[in-house]
Amino acid sequence: MLPSNLLDSLLNKQFKISIADLKTHKAKAQKKRQELEEYLIETETIEEEKLYQEASQKLDIPFIELRGKEIAKETLALVPAQFASAHQVIAFDKTNNELEIAMLDPQDIQTIEFLRRKTGLTPKVYITTPSDIKETLRKYHADLSSDQVIVQLSSERQDGSHKDLKKAAEELPIINIVNSVLEHAVFDGASDIHIEPGEKNVVVRYRIDGMLKQVMDLPKEVQNGIVARVKILAKLKIDEHMIPQDGRFKILIQEEQLAFRVSIIPVYDGEKIVMRLLHEGQKPLTLEELGFLPRIKEKVEEAIKKPHGMILVTGPTGSGKTTTLYSILGILNQPKVNISTIEDPIEYHVSGINQSQINPKAGFDFASGLRAFLRQDPDIIMVGEIRDKETAEIAIHAAMTGHLVLSTLHTNDAPTTLPRLIDMDIPPFLVAFTSNIIIAQRLVRKICAYCKKEYNLEKGEIKELGKLIDTKKILEICEEEQIKLTETEKSLESMTFFRGEGCRRCGNSGYKGRMGIYEVMVIDDQITRLINSRATAQEVKEYAVKNGMRNLFEDGIMKAKQGITTIEEVLRVTKE
């Protein structure tokens, strides 16, 4: 954090925040038990990078952007890990005489002098942002951990007994390997970790932005130790190898509380582990952050204002359905309403919401949990998934009797959801009467902001894209969503699109992060009549499209036109 006197001066002179407003901000920050700088950045009153660039000019000290910068391990290691974290300082380059360091407070003379004495080099000071320091420290910690991964296990033969497995799991090299796998996954922004046994080795893969990437190849000798270590962390049976096991554990990495959901199944060469990373305490995203365009966002907001009925989100596994439901709950979460959820598993802990996890072994499934909820005086209920007739019946009964019910289903698009419920033997008039809105979704990778470039479609691409959507339709949707086009953009040939060239920051993939594309179907009077007459999904779809429903592909093309994602990515996730 910047020194308070410097911060006040910058806010007043460079950011034109009056003394009175500054006093108000300080009071609000104090109430939230936050530092003023942290509060202003979190509330988007000021931009972090802009603040530190202004500080750089004021102090006449150069600004450095550390994120994505390759830093030699030997240079990083010149500043001890604990000291680097405590004093928020990074050594990022050196010559024979100088050590280039990035700091948050370049006026901290004691830290600069300590590094001068310790390294024997003259510190050359730069200023950087807290988020850049945090990200580099995280990588720094993970990289140093990986250096300690020395596969030198006990030479004693292990026969797979509980005692031997426990001993293997507690050996330092095994602990270091598991710690390194977890820390690297967090640094790389992985959503899942796959540890897969082979005949002669153990492969570690991370799912980053929805795509699996191999990151480590470990010797077969560490396999039993790694599995046992993960089982101990997740409080599972160490000596059980023949049936699937599920568990969960929490750890602290770089001051961030993380939960890992663990699934272990027996496979041909041993046991395969998949761990899902869950960021505890993560705030729900807004509808804009999820990727809802303004016109569609209005429809969703209208639907969630209704006091009862069903809001259904559909899509395949891993398409972000639960995240969307949590975002809607974040909007609905007010002191005057009672919200209850039944999930498998609980992915995010949210203050103010009563969350329950199913336990089939104890007879606590979606149906029995939902039945119990109705005796708990709820206003809003979230059911993790409607899987069977019984759950569907209770959910619809709840929606009919004054409750707002949110849930997910596995269908390919919004119109198919209605026949799916009817196939569960739910009478059509109940499906029509209780459904408010159906949201189908997929996740697309976002273009890396640091290597994004404009380009025009080639003839072959224009021909293929023209088969799926015509220019007239693109122009109509752009106008509806107020997406600005240049005077020359009147055809696919002249339209500008974007792609990532690939850089260090995105691992040369051209993509960084993900966003949703959506198909939103509002259940109006005509769709209600179609459902009651047992119309097919195709007939419902034709009517919805005629009345302005935008399909997943069209929503994706709008995001490609805006430079958020690429046409290739939209085609990848929407092809059937």
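The values are calculated or read from the model by the stated rules, or taken from the named source; none is laboratory data. As the structure is a computational prediction, the values presented were derived from the model and not from experiment. Glycine also receives a Cβ, built like all others from the backbone with ideal geometry; neighbour counts cover every protein chain displayed. Side chains are part of the model used for accessible areas, which takes the heavy atoms of the whole protein and leaves out ligands, DNA and RNA. Shrake-Rupley method; radii C 1.70, N 1.55, O 1.52, S 1.80 Å.
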Please go through region 10-24 and pick out each residue that is open to solvent by less than 70 Å² (accessible area, probe 1.4 Å) and either touching a residue at least 24 places away in the same chain (Cβ under 8 Å) or touching a Leu at 6+ places or on another chain (Cβ under 7 Å) (or both). L10, L11, N12, F15, I17, L22
Would you check which residues across region 98-129 are surrounded by 14 or more Cβ atoms within 10 Å (Cβ to Cβ) and in a strand (DSSP E or B) and list them? L99, E100, I101, A102, M103, P123, K124, V125, Y126, I127
In region 395-416, what residues are closer than 13 Å to T434 by Cα, in contact with a strand residue (DSSP E or B) (Cβ under 7 Å, 6 or more places away or on another chain) and of a type in the set (S, T, Y)? S407
Among the residues of region 534-576, write down those that are part of a loop (DSSP other than H, G, I, E, B), in contact (Cβ under 8 Å) with a residue 40 or more places away in the chain and among the charged types (D, E, K, R). R534, R550, E576
Here are some conditions: (1) closer than 30 Å to V178 by Cα; (2) at pLDDT 95 or above; (3) within 18 Å of the chain's Cα centre (by Cα). P266 meets all but one. Which one does it not meet? (3)
Scan the helices (runs of 4 or more DSSP H) fully inside region 459-533 and keep the ones with 1 or more residues being acidic (D, E) and either closer than 22 Å to T574 by Cα or touching a Gly at 6+ places or on another chain (Cβ under 9 Å) (or both). 459-468, 471-480
Filtered residue count, region 90-103, keeping only those that are out of contact with any helix residue (DSSP H, G or I) (no Cβ under 6 Å at 6 or more places or on another chain) and touching a residue at least 40 places away in the same chain (Cβ under 8 Å): 1
Picking from I386, I342, I331, the residue that is assigned to a strand (DSSP E or B) and either within 30 Å of M515 (Cβ to Cβ) or touching a His at 6+ places or on another chain (Cβ under 6 Å) (or both) would be I342
Which numbered condition E196 misses (of (1) in contact with a Lys or Arg (Cβ under 7 Å, 6 or more places away or on another chain); (2) touching a residue at least 24 places away in the same chain (Cβ under 8 Å); (3) open to solvent by less than 30 Å² (accessible area, probe 1.4 Å)): (3)
In region 510-520, is there at least one residue being at positive phi and modelled with pLDDT of 90 or more? yes
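One line per residue, one yes/no per condition, for (1) open to solvent by 80 Å² or more (accessible area, probe 1.4 Å); (2) among the hydroxyl-bearing types (S, T, Y); (3) under 30 Å from D246 (Cα atoms); (4) assigned to a loop (DSSP other than H, G, I, E, B):
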site	(1), (2), (3), (4)
S356	no, yes, yes, no
A372	no, no, yes, no
D377	yes, no, no, yes
I394	no, no, yes, no
V405	no, no, yes, no
I422	no, no, no, no
L430	no, no, no, no
R442	no, no, yes, no
Y450	yes, yes, no, yes
Please enumerate the residues belonging to region 187-209 that are of a type outside the set (K, R) and touching a helix residue (DSSP H, G or I) at 6+ places or on another chain (Cβ under 7 Å). F187, I193, I195, P197, N201, V202, V204, Y206, I208
Residues being out of contact with any strand residue (DSSP E or B) (no Cβ under 7 Å at 6 or more places or on another chain), of a type outside the set (G, A, S) and open to solvent by less than 10 Å² (accessible area, probe 1.4 Å) - total across region 379-392: 0
Mind counting the residues in region 474-522 that are aliphatic (A, V, I, L, M) and farther than 25 Å from C451 by Cβ? 6
Could you say which residue among E501, E554, E539 is surrounded by 16 or more Cβ atoms within 10 Å (Cβ to Cβ) and of a type in the set (D, E)? E554
Kindly indicate which of A259, A234, A185 is on the phi < 0 side of the Ramachandran plot and touching a residue at least 40 places away in the same chain (Cβ under 8 Å). A185
Taking region 384-414, which residues are in contact (Cβ under 8 Å) with a residue 40 or more places away in the chain and small (G, A, S)? G384, A395, A399, G402, S407, A414
